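Structure, as structure tokens:
The values are calculated or read from the model by the stated rules, or taken from the named source; none is laboratory data. Since we're looking at a predicted model, the values are computed, not measured. Here the Cβ positions follow ideal geometry from the backbone for every residue, glycine too, while neighbour counts run over all protein chains shown. We work out accessible area using only protein heavy atoms, side chains counted, and drop any ligands, DNA or RNA first. Shrake-Rupley method; radii C 1.70, N 1.55, O 1.52, S 1.80 Å.
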Amino acid sequence: MLAECKCLFPNFVFMKPQFEKIAVFQYSAEALIFKGRLEADGVEVFLKNNNTIDTDPLISNAIGGVQLFVRSEDVIRAKEILQSVPRYALDNSGNAVHCPNCGSTEVEVMSTVRDSGGFFAFLLGLVLSALPFFIKYKYHCNNCKHEFEIK
């Protein structure tokens, strides 16, 4: 069968993939931020699974998240650009958020349902197949595991 293909298409060359996966995100909003950053620096980007996850965010882990691909020749440059983007939370002035317990800047923003109103809103969203509309946010220090709020 392969010999037939070579006869029918003598100039056909098997090529290695043009795109390589360099990052995976749980939600498309995160992936779009990094996509925009890479495209601003002239790197061509392709997202996989973003439309599916936008339709149903709960299946993100099941299908492997939103996958970010770049051209094979841009992999090294794209990874350098991604590493230059801060991983941890910033305040409104663009400064790193410091943990009040240990002073670390390895702080991430987390969403939580803390009270009965938030819990019932979550259940209503689940029943109506809608996204949760009553969520509180807190900060989580990856260094000492302390959770806190900033007013």
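Once the C-beta distance of HIS146 and ILE59 is scaled by a Förster radius of 30 Å, the resulting FRET efficiency is 0.40 to the nearest 0.05. Accessible area ranking (1.4 Å probe, heavy atoms, ligands and nucleic acids excluded), largest first, for LEU58, LEU68, LEU128: LEU58, LEU128, LEU68. Working from label points 7 Å from Cα in the Cα-to-Cβ sense, the GLN26 to GLN83 distance is 2.5 nm.
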